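Here is the structure we will look at, set down as structure tokens.
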Amino acid sequence: MKIIYCLARTFNSGGMERIVISKANWLARAGHEVVIVTTEQNGKNDFFPLDSRIRRIDLDILYSENDNAGIVHKFISRRRKLRRHANEMKRLLFAEKPDITISTFGNEVGFLTEIGDGSKKIAEIHFSRWYRLQLNRRGMWRLIDKYLTATDYKSLKRFDAFVCLTKEDSYNWGCVANLHVIPNFVERLSAEQASLDAMRIIAVGRLSYQKGYDRLLEAWKIVRNSFPDWKLEIFGGGELKADLMSLIDGAGLSGNVVLHEPISDISKEYLRSAALVLSSRYEGLPMVLLEGMSCGLPVVSFACQCGPRDIIQDYQNGILVGEGDILGLASALKVVISNPSLRKEMGDAAYKTANDFLMDNVMRKWETLFAKLVNC
């Protein structure tokens, strides 16, 4: 089977890119022909290893050229780039003749189903339905986000299949006949579990508004007062690095909080930690949650949409905190820090939970979906 995977924008260090490339690698190993299409690789190197049998095609659309432009200029430029993008995708699909074309909810999601090349079209979303509104933008941008949220729904109904990551999010979409729930996965369980003896908590993810590190730092100020010898170590790069550094310095946390650049093999850092903390404002099904659990880490997380509620069983494999409850997050972290036996029990349970999300089990669901669509 020939599969074209449209990866939103480029190969970078994000969780969505990591999971998509892992899927593509698995499909290539399983004997499928896989092509990954980006819109602005622009000479950047791969962050994650890609199977040598996978072809990459970059359309050089460069939407990101206008990321910092004003709203009017951005609108006009985006319309022009969308037309070019649609023409390039049409040319590519008719030339490649794939069986399956998958959108990872990039800009192609609005026009992909209009291309009559004969391939079955699948859209997969890595956030919740309401992720645009959860950006919490103001003024005209808020109106645009509401409009795009409405058009998302109309666009997705036209696909042969639409895949979301959690049962929680499936309820957000209501009665969509083509909806399927297939979660993210971990490639393997760590051969060893974290000892959970290290005096550090780990957080992993892009330094962005979505990940809520400003909220985590507020909570950590409270934790630090009770446990001054413990450290919070954050692994990620992104646009808010300077802002977060200022927050750390302004709060006097420079001795207790460390920002690290992202690394491709994060498992060794999980194994050196006592727990994982997730402070996101919104998610789809966070890869870091499953990866941390696969190393035996208990997780402390806000109950944001979507993902944590599907995975975390409160005080069994982690602790769920009400969304945005900073005092509650600090309290939960202090519980984990001050109770080594509970930490160990939750870590063991987390390791068992990760076993339900192993790669082969999840990818067989994708193959079943492909076969159903192609043979129907």
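The values are calculated or read from the model by the stated rules, or taken from the named source; none is laboratory data. Because the structure is predicted, anything quoted here is derived from the model rather than measured. All Cβ positions, glycine included, derive from the backbone under ideal geometry; neighbour counts span all protein chains shown. Only protein heavy atoms, including side chains, enter the accessible area calculation; ligands, DNA and RNA are left aside. Shrake-Rupley method; radii C 1.70, N 1.55, O 1.52, S 1.80 Å.
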State the number of residues belonging to the stretch 203-223 that are modelled with pLDDT of 95 or more and open to solvent by 30 Å² or more (accessible area, probe 1.4 Å). 5
Residues that are open to solvent by less than 40 Å² (accessible area, probe 1.4 Å), closer than 21 Å to Ile319 by Cβ and touching a residue at least 60 places away in the same chain (Cβ under 8 Å), drawn from the stretch 347-376: Gly347, Thr353, Ala354, Phe357
Within the stretch 13-46, considering residues that are touching a Phe, Trp or Tyr at 6+ places or on another chain (Cβ under 6 Å) and modelled with pLDDT under 80, the one most open to solvent (accessible area, probe 1.4 Å): Asp46
Selection from the stretch 244-257 of residues that are in a helix (DSSP H, G or I) and either touching a strand residue (DSSP E or B) at 6+ places or on another chain (Cβ under 6 Å) or free of Cβ contacts under 8 Å to residues at least 12 places away in the same chain (or both): Ser246, Ile248, Asp249, Gly250
Looking at Arg158, Arg188, Arg200, Arg142, which is the one that is open to solvent by less than 20 Å² (accessible area, probe 1.4 Å) and of a type in the set (Lys, Arg)? Arg200
Given the conditions (1) open to solvent by 10 Å² or more (accessible area, probe 1.4 Å); (2) out of contact with any Pro (no Cβ under 9 Å at 6 or more places or on another chain); (3) modelled with pLDDT of 95 or more, report the number of the one that Leu320 does not fulfil. (2)
Scanning the stretch 259-275 for residues that are under 11 Å from Phe235 (Cβ atoms), part of a strand (DSSP E or B) and either among the hydrophobic types (A, V, I, L, M, F, W, C) or at pLDDT below 95 (or both) gives Leu259
Residues located in the stretch 224-237, provided they are surrounded by 18 or more Cβ atoms within 10 Å (Cβ to Cβ) and either farther than 20 Å from Leu327 by Cβ or modelled with pLDDT under 95 (or both): Lys231, Glu233, Ile234, Phe235, Gly236
For the stretch 110-122, name all the residues that are under 13 Å from Leu156 (Cα atoms) and either at pLDDT below 95 or in a loop (DSSP other than H, G, I, E, B) (or both). Gly110, Phe111
